[in-house]
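The structure appears below as structure tokens.
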Amino acid sequence: MKVLLLAILPALFFSCDRDRGIIFNGNNGQTYGIIDASINGYNWSANQGSATEFNFALTIYGSASDGSSLEIVISPYNGVGTYSANSPARITFYDADGSQYNAATGTVTVTADMVDMVQGNFSFSAYSSSQPIDMSGTFSVYFQ
């Protein structure tokens, strides 16, 4: 009986940890995820994506082979729901030339928050010194 109890207690303790990505490694350390979007009518896809959750903040990240990337940070993160851009979500897109676009308006909706992955969609308008962009898409990424 004591052996069974000693085997179950650590599993219960670590399964309740909200800091996913630091302790929990749901996909054996591989960076994998799907982030597909449309930017001003053109298709954009990340060839790698991941999510981490630490200190009540969710970070979703994806990058494409051309060097462009998308980062979504929701803090504080409270699970499934819709979050407004700039508060509490921060959305930043870097194009292949390195220009940074910060969301001025928009939303991020988390539709599923599972033990090993998070799914949802986003839509925002952003501006940089070069031009405005409108971007919308979906994500389905594993926790690192």
*Those residues of segment 73-98 which are of a type in the set (A, V, I, L, M) and touching a Ser or Thr at 6+ places or on another chain (Cβ under 7 Å), in sequence order*: Val73, Val80, Ala85, Ala96
*Can you tell me which residue within segment 118-133, out of those that are within 11 Å of Phe93 (Cα to Cα) and not polar (S, T, N, Q), is nearest to the chain's Cα centre (by Cα)?*
Phe124
*asked:* Report every pair of residues separated by at least 6 positions or lying on different chains whose Cβ atoms are under 6 Å apart, first residue within segment 36-61 and among the charged types (D, E, K, R), second assigned to a strand (DSSP E or B).
replied: Asp36/Ser45; Asp36/Gly137; Asp36/Thr138
*In segment 62-82, which residues are hydroxyl-bearing (Ser, Thr, Tyr) and either touching a residue at least 40 places away in the same chain (Cβ under 8 Å) or over 18 Å from Ser136 (Cβ atoms) (or both)?*
Ser63, Ser65, Ser75, Tyr77
*How many of the residues making up segment 70-93 are polar (S, T, N, Q) and within 11 Å of the chain's Cα centre (by Cα)?*
0
_Matching entry among Gly120, Gly67, Gly79, Gly62 (being exposed (fewer than 13 other Cβ atoms within 10 Å of the Cβ), at pLDDT 95 or above and closer than 20 Å to Asn47 by Cα)_ = Gly67
*Say we look at segment 41-56 and pick out the residues that are on the phi > 0 side of the Ramachandran plot and of a type outside the set (S, T, N, Q); which of these is surrounded by the fewest Cβ atoms within 10 Å (Cβ to Cβ)?*
Gly41
*Could you check how many residues of segment 60-88 are hydrophobic (A, V, I, L, M, F, W, C) and in a loop (DSSP other than H, G, I, E, B)?*
2
_For a quick check of your reading: which strands (runs of 3 or more DSSP E) sit entirely within segment 89-144 and have at least 1 residues that are over 11 Å from Ile72 (Cβ atoms) and of a type outside the set (Phe, Trp, Tyr)?_
100-113, 117-127, 132-142
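The values are calculated or read from the model by the stated rules, or taken from the named source; none is laboratory data. Just so it is clear, the structure is predicted and the values come from calculations on it, not from any experiment. Quick reminder, even Gly has a Cβ in these numbers, built from the backbone with ideal geometry, and neighbours come from all protein chains shown.
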